[in-house]
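Novice: Sending over a structure as structure tokens; questions will come in a sec.
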Amino acid sequence: MKLHTCLLAILTMLGTRSAIAADAPARPNILWLIAEDFGQHLGCYGTKEVSTPNLDALATAGMRFTRCFTTAPVCSPSRSAFMTGMYATTLGAHNHRSNRDGAHPLPEGVRLVTDWMRDAGYFTANVAKLPPELGFKGTGKTDWNFTASAKPFDGNDWSALKGHQPFFAQVNFQETHRNFHAPKHADPAKVELPPYYPDHPVVRADWAEYLDAATEVDRKIGLILAQLEKDGLATNTVVVFFGDNGQAHVRGKQFAYDSGLLVPLLIRWPRGVPMPSGFVAGKVSDQLIAAIDFAPTMLSLAGAKKPAKMQGHAFLGPLAEPPRTLVFGAADRCDETARRSRTVRDARYRYIRNLTPEVAIFAPNAYKAKQYPSWNLIQQLHVGGKLNSVQAALCAARMPDEELYDTLADPYEINNLAASADPDHQAARRRLRVELEMWIEESNDQGR
């Protein structure tokens, strides 16, 4: 009788556990698709002369975010930040491609998002090896400004994903990083240039090549998404597409403007997993998001709590936090150019404090002089008096101490309102300056 009672109790307990397991929300796989040096230049964001049907379809089926910003405008501090959920300035990882001698571990209590996801039961991968029939490989890019843990990823082979679920994987795409080398599609005569660039054949051809690179990224992502379907993984895999920092053009990458920090973010939720709170298929969201929010959001989707020191905010899932009202960014030494800028943006205004205003936009930089056709051209046109006032401002001998832009009225951030007599502009400048100073202190900015 006692044995029967014991067996009944065990069976009851197992049945209860099975019911709990059946009722528990499924933990989806997560796939990051990361483009290098890429702004919001997709068809779904309104860009012309680019062909991005696969990413446009991803946006239609999922959510498209219009205000997603990296916290640094160049790859290594930006990647250091979104892979930890921490500001690079807090980690001391803010100078481009620094701290690589093996003696700079992450601070105590700070780990890669892959470490936290592994603790949550996820297999992690930075996929470089893809099925041969796809005809290309992932770059496997990391580019962090710290010494990573001994095993930042569990694997690098796409074929391992199906047998290791749930997984958290990423595929990196190089095409939109210079040098551009994609097949030609865009008509240089039809591309729309930012107004601070001169309308010159060299500039047009360079911008067209950038858009062609985006078209090539889209083609490869289409093959990845088709493979996901073929392998039976599409029904339970969240797909996240974003850029690691802004566009690789003059006043873009390496600078603390929207052009250096604003990136695309598309998220498609799998049809076989219940949608989390905050996710609405087909929605276009203008919520402010910082790239350091990716890490805690992935943990939220995995049902794991955000680590104590992580500075990002989860914006989806059961552990989502209230929406941001501000996003912060920092630009520091890039290559041999020792610049320091700090910035804060709300839904309307961007405020920039240039702490090295003597370091002009066209301060000597061998990388840009070699890789950007427009870099030398614009300076030559300026010497020849062939630039209008907006374009000539790029060539100023000094950057302003403060910059304030109304991004709703002035999306290209041309009209600096820092000295405006408008009371609303001055109120915004004072408010955002205080917010920026508080962030510098509270985040323990190592650039000080």
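The values are calculated or read from the model by the stated rules, or taken from the named source; none is laboratory data. Fair warning: this is a prediction, and the values are worked out from it, not measured in the lab. Here Cβ is always computed from backbone atoms with ideal geometry, including for glycine, and neighbour counts include all displayed protein chains.
Novice: Name the one entry in L417, L394 that is in a loop (DSSP other than H, G, I, E, B), more than 23 Å from the chain's Cα centre (by Cα) and surrounded by 11 or more Cβ atoms within 10 Å (Cβ to Cβ).
Specialist: L417
Novice: Still on this structure, I have one more. Enumerate the strands (runs of 3 or more DSSP E) found wholly within the range 149-257, keeping only those where 2 or more residues are over 25 Å from T66 (Cα atoms) and outside the structural domain of D119 (by TED's automatic domain parsing). If you could, list the steps in order and put the result at the bottom.
Specialist: Working: elements: 155-157, 167-173, 237-243.
Per the criteria, no element qualifies.
Novice: Any idea which residue in the range 35-69 is surrounded by the fewest Cβ atoms within 10 Å (Cβ to Cβ), counting only those that are in a loop (DSSP other than H, G, I, E, B) and of a type in the set (D, E, K, R)?
Specialist: Checked the range 35-69; the qualifying residue surrounded by the fewest Cβ atoms within 10 Å (Cβ to Cβ) is K48.
Novice: Does the range 264-278 contain at least one residue that is farther than 21 Å from F167 by Cα, part of a strand (DSSP E or B), in contact (Cβ under 8 Å) with a residue 24 or more places away in the chain and touching a Cys at 6+ places or on another chain (Cβ under 8 Å)?
Specialist: Yes, the range 264-278 has at least one match.
Novice: Where residues in the range 318-330 are crowded, with 21+ Cβ neighbours inside 10 Å and in contact with a helix residue (DSSP H, G or I) (Cβ under 7 Å, 6 or more places away or on another chain), which of them is nearest to D286 (Cα to Cα)?
Specialist: Among them, the one singled out is F328.
Novice: While we're here: Considering only the range 262-283, I want to know if a residue exists there that is polar (S, T, N, Q), crowded, with 20+ Cβ neighbours inside 10 Å and at negative phi.
Specialist: Taking every residue of the range 262-283 in turn, none turns out to be polar (S, T, N, Q), crowded, with 20+ Cβ neighbours inside 10 Å and at negative phi.
Novice: Which of the following residues is at pLDDT 95 or above, touching a helix residue (DSSP H, G or I) at 6+ places or on another chain (Cβ under 8 Å), over 24 Å from R342 (Cα atoms) and crowded, with 22+ Cβ neighbours inside 10 Å: F123, F173, F82, F136?
Specialist: F173
Novice: Regarding the range 350-360, can at least one residue be identified that is of a type outside the set (S, T, Y), more than 17 Å from Y257 (Cα to Cα) and out of contact with any Asp or Glu (no Cβ under 6 Å at 6 or more places or on another chain)?
Specialist: Looking through the range 350-360, at least one residue is of a type outside the set (S, T, Y), more than 17 Å from Y257 (Cα to Cα) and out of contact with any Asp or Glu (no Cβ under 6 Å at 6 or more places or on another chain).
Novice: Can you work out which of the residues in the range 144-170 that are at pLDDT 95 or above and among the charged types (D, E, K, R) is farthest from the chain's Cα centre (by Cα)?
Specialist: It comes out as K162.
Novice: Are any residues in the range 366-419 in contact (Cβ under 8 Å) with a residue 40 or more places away in the chain and at positive phi, and if so, which ones?
Specialist: Within the range 366-419, E413 is the sole residue that qualifies.
Novice: Here is a further query. So for the range 291-308 (the condition being in a strand (DSSP E or B) and β-branched (V, I, T)), does at least one residue qualify?
Specialist: no
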